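As structure tokens, the structure follows; a few thoughts come after it.
The values are calculated or read from the model by the stated rules, or taken from the named source; none is laboratory data. Every value quoted in this text rests on a predicted model; they were computed, and no experiment measured them. Cβ placement follows ideal geometry from the backbone for every residue including glycine, while neighbour counts extend to all protein chains displayed.
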Amino acid sequence: MENDFRIFNRNPVYLKVFIVEPILVSCIDKTLFADIYTYVQRVSPNITKSEVKEHLFYLVSSSFIDYNGKNKTYYISQNGIDLLDIVYSQRNIREVDYSSLTLKVG
């Protein structure tokens, strides 16, 4: 990550699940940020690069995604796989507006 997020805010942050899910899915295989952004844009074309960076930052900080600085690759952790499973199960159990779901981290 660049210098965009030097200070980690200790207050809870609410991430949009419709952005989190494609980020997690794209990180199943080790991947570069450009590939993550491209994948998220396919799912939600109006998402900005800064929104993806912000979500990715908090997912890494919360140990849902691991980052390899040497290769500049991101990959899903076991916590991220568990989170993805929860997202899928909640989406299947409830009939809710997917775009309104949030994930509290921090």
* Structure fact -> Within region 20-50, the count of residues that are in contact with an Asp or Glu (Cβ under 9 Å, 6 or more places away or on another chain), modelled with pLDDT of 95 or more and among the aliphatic types (A, V, I, L, M) comes to 1
* To do: With respect to ASP35, determine if the residue is loosely packed, with under 13 Cβ neighbours inside 10 Å, free of Cβ contacts under 8 Å to residues at least 60 places away in the same chain, part of a helix (DSSP H, G or I) and not hydroxyl-bearing (Ser, Thr, Tyr).
  => no
* Structure fact -> Only unsatisfied item for THR73, checking (1) of a type in the set (Ser, Thr, Tyr); (2) over 12 Å from the mean Cα position of the chain (by Cα); (3) crowded, with 19+ Cβ neighbours inside 10 Å, is (3)
* Asked: In this structure, is SER100 of a type in the set (Gly, Ala, Ser) and surrounded by 14 or more Cβ atoms within 10 Å (Cβ to Cβ)?
  -> no
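Could you count how many residues in region 68-106 are of a type in the set (Gly, Ala, Ser) and at pLDDT 85 or above? Full working, then the answer.
Narrowing region 68-106 to residues of a type in the set (Gly, Ala, Ser): 69, 77, 80, 89, 99-100, 106.
Narrowing further to those that are at pLDDT 85 or above: 69, 77, 80.
Of the residues in that region, 3 qualify.
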* Return yes or no: is TYR58 closer than 21 Å to VAL13 by Cα, hydroxyl-bearing (Ser, Thr, Tyr), surrounded by 14 or more Cβ atoms within 10 Å (Cβ to Cβ) and touching a residue at least 40 places away in the same chain (Cβ under 8 Å)? => yes
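Mind checking which strands (runs of 3 or more DSSP E) fall wholly inside region 54-106 and carry at least 2 residues that are hydroxyl-bearing (Ser, Thr, Tyr), at negative phi and in contact with a Cys (Cβ under 8 Å, 6 or more places away or on another chain)?
On the way: elements: 65-68, 73-76, 102-105.
Strands (runs of 3 or more DSSP E) meeting the threshold: 73-76.
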* To do: Please list, ordered by first then second residue, the pairs with beta carbon atoms under 9 Å, 6 or more apart or interchain, first in region 42-55 and touching a residue at least 40 places away in the same chain (Cβ under 8 Å), second assigned to a helix (DSSP H, G or I) and loosely packed, with under 15 Cβ neighbours inside 10 Å.
  => SER50/ASP4; LYS53/ASP4; GLU54/ASP4
